[in-house]
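Some notes on the structure that comes next.
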Amino acid sequence: MNLKPSRIGANKNGGFDIVTEDCFEYVSYKAKFKKDKISKKDIVEEIQQVNSIELNCYKYVFISKSGFSCVSVDNVELRTLDQLFK
């Protein structure tokens with residue numbers, strides 16, 4: 001799969017965003033390096049923010065240093081740093 005970065009943004013809240021474009025459409029990646037776990041509410045808010053700028057993402061991936069307080073969210077991949085480096 002040939003992914004090309006479309007938008008990269010750094011945040012002051014201990015994270016960054018990357019949006020890639022593949023053969024289907026856009027994929028949004030959100031990485032957080034905070035000591036707190038990411039909640040379902042955080043995920044829903046982030047997706048709403050992406051949707052508000054009319055970026056057509058068919059997939060969302062959240063990466064967290066500290067894990068997640070929810071087990072799963074529909075149509076969202078949840079990854080910890082440990083999972084990325086296995």
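Taken together, the values in this text are just the output of simple stated rules run on the coordinates, not laboratory data. These figures come from a predicted structure and were not determined experimentally. A quick note on method: Cβ atoms are made from the backbone with ideal geometry, for glycine too, and the neighbour counts reach across all protein chains shown.
Structure data summary
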{"item": "Label-point separation in nm, residue 71 to residue 37, each point 7 Å along Cα→Cβ", "result": "1.2 nm"}
{"item": "Selection of trypsin sites (Lys or Arg not before Pro), segment 18-52, meeting DSSP coil and at most 16 other Cβ within 10 Å", "result": "34, 35, 37"}
{"item": "R0 of 22 Å, Cβ-Cβ distance residue 51-residue 23: FRET efficiency to nearest 0.05", "result": "0.55"}
{"item": "Neighbour-count ranking [beta-carbon atoms within 10 angstrom, fewest first] of 84, 55", "result": "84, 55"}
{"item": "DSSP-loop GluC sites (Glu not before Pro) across segment 31-71, with at most 14 other Cβ within 10 angstrom", "result": "54"}
{"item": "Cα-based reach from residue 30 at 13 Å (exclusive), listing aspartates and glutamates while leaving out same-chain residues under 8 positions away", "result": "17, 42, 45, 46, 77"}
